[in-house]
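The values are calculated or read from the model by the stated rules, or taken from the named source; none is laboratory data. Since the structure is predicted, the reported quantities are computational estimates derived from the model, not experimental observations. FYI the Cβ positions are ideal-geometry reconstructions off the backbone, even for glycines, and counts take in every protein chain you see.
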Ligand code: DC
């Protein structure tokens, strides 16, 4: 019996940081599934291929392994942009399903952060959380993070990128970003990281701690 917690939400919502901390606090393993799509994009870019090329992207997805998931190597904006393009290909998503399911099924269970974990990858997850915040708040957080790293980007540009990434993630035909009907939505627009984590932990305590998933 393993616990599977799905944490979905839009770009820069804080879901990955929160999901990671939720996993650590509850002794579960953690997977940031965005890294899988980023690894596919990185491989294509390194080979001089286009993220829009569905066949090349599917081939890259089939060869992704745990060794390709180093967050530091996958952080660049152009890799994130490429990831949201490769993520529209059905064959890419299909190729990455087994990795995600195998990861989560190993005991004691896991927290997975992504866009379609509760809706497609684990429709029977123990607990589904949908973490969101307004586009302006998400852009502001991302802007401040980039500035801290020495980037001179303008806020308006970051907001434009957040809005465009949302549109692509929500409007794609296969596994679009959406809250599963049975997901608990947590809006962090007015919450700092500790208050947001407390909201996730409260949902976990109420719905998952005593309800291991049957496998
Ligand atoms: O969370 P992130 O920024 O690392 O994700 C990069 C892209 O990958 C994002 O634009 C959409 C895609 N993605 C996805 O389609 N499904 C997931 N489960 C995770 C990420």
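Restricting 65, 2 to those that are away from the ligand (no atom under 13 Å from the Cβ) and out of contact with any helix residue (DSSP H, G or I) (no Cβ under 7 Å at 6 or more places or on another chain) reduces the list to 65. Of the residues 92, 121, 158, the single one that is within 19 Å of residue 12 (Cβ to Cβ) and either in contact with a strand residue (DSSP E or B) (Cβ under 6 Å, 6 or more places away or on another chain) or surrounded by 15 or more Cβ atoms within 10 Å (Cβ to Cβ) (or both) is 158.
For every residue, the table says whether it meets (1) over 17 Å from the mean Cα position of the chain (by Cα); (2) modelled with pLDDT of 95 or more.
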{"residue": "55", "(1), (2)": "yes, yes"}
{"residue": "61", "(1), (2)": "no, yes"}
{"residue": "64", "(1), (2)": "no, yes"}
{"residue": "69", "(1), (2)": "no, yes"}
{"residue": "76", "(1), (2)": "no, no"}
{"residue": "79", "(1), (2)": "no, yes"}
{"residue": "91", "(1), (2)": "yes, yes"}
{"residue": "96", "(1), (2)": "no, yes"}
{"residue": "109", "(1), (2)": "yes, no"}
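Quick check on this structure: which one of 113, 98, 104 is surrounded by 22 or more Cβ atoms within 10 Å (Cβ to Cβ), away from the ligand (no atom under 12 Å from the Cβ) and under 23 Å from residue 5 (Cβ atoms)?
Details: 113 fails: away from the ligand (no atom under 12 Å from the Cβ); 98 fails: surrounded by 22 or more Cβ atoms within 10 Å (Cβ to Cβ).
Sole residue among the options that is surrounded by 22 or more Cβ atoms within 10 Å (Cβ to Cβ), away from the ligand (no atom under 12 Å from the Cβ) and under 23 Å from residue 5 (Cβ atoms): 104.
Can you pull out every residue in the stretch 153-201 that is within 11 Å of the ligand (Cβ to nearest atom) and either within 15 Å of residue 137 (Cβ to Cβ) or assigned to a helix (DSSP H, G or I) (or both)? If the condition is that a residue be within 11 Å of the ligand (Cβ to nearest atom) and either within 15 Å of residue 137 (Cβ to Cβ) or assigned to a helix (DSSP H, G or I) (or both), then 161, 162, 164, 165, 166, 167, 168, 169, 170 are the ones that fit.
Residues in the stretch 8-31 that are within 11 Å of the ligand (Cβ to nearest atom) and within 17 Å of residue 108 (Cα to Cα): 2 in all. Check whether at least one residue in the stretch 120-134 is in a helix (DSSP H, G or I) and over 16 Å from the mean Cα position of the chain (by Cα), and report yes or no. No: the stretch 120-134 contains no residue that is in a helix (DSSP H, G or I) and over 16 Å from the mean Cα position of the chain (by Cα).
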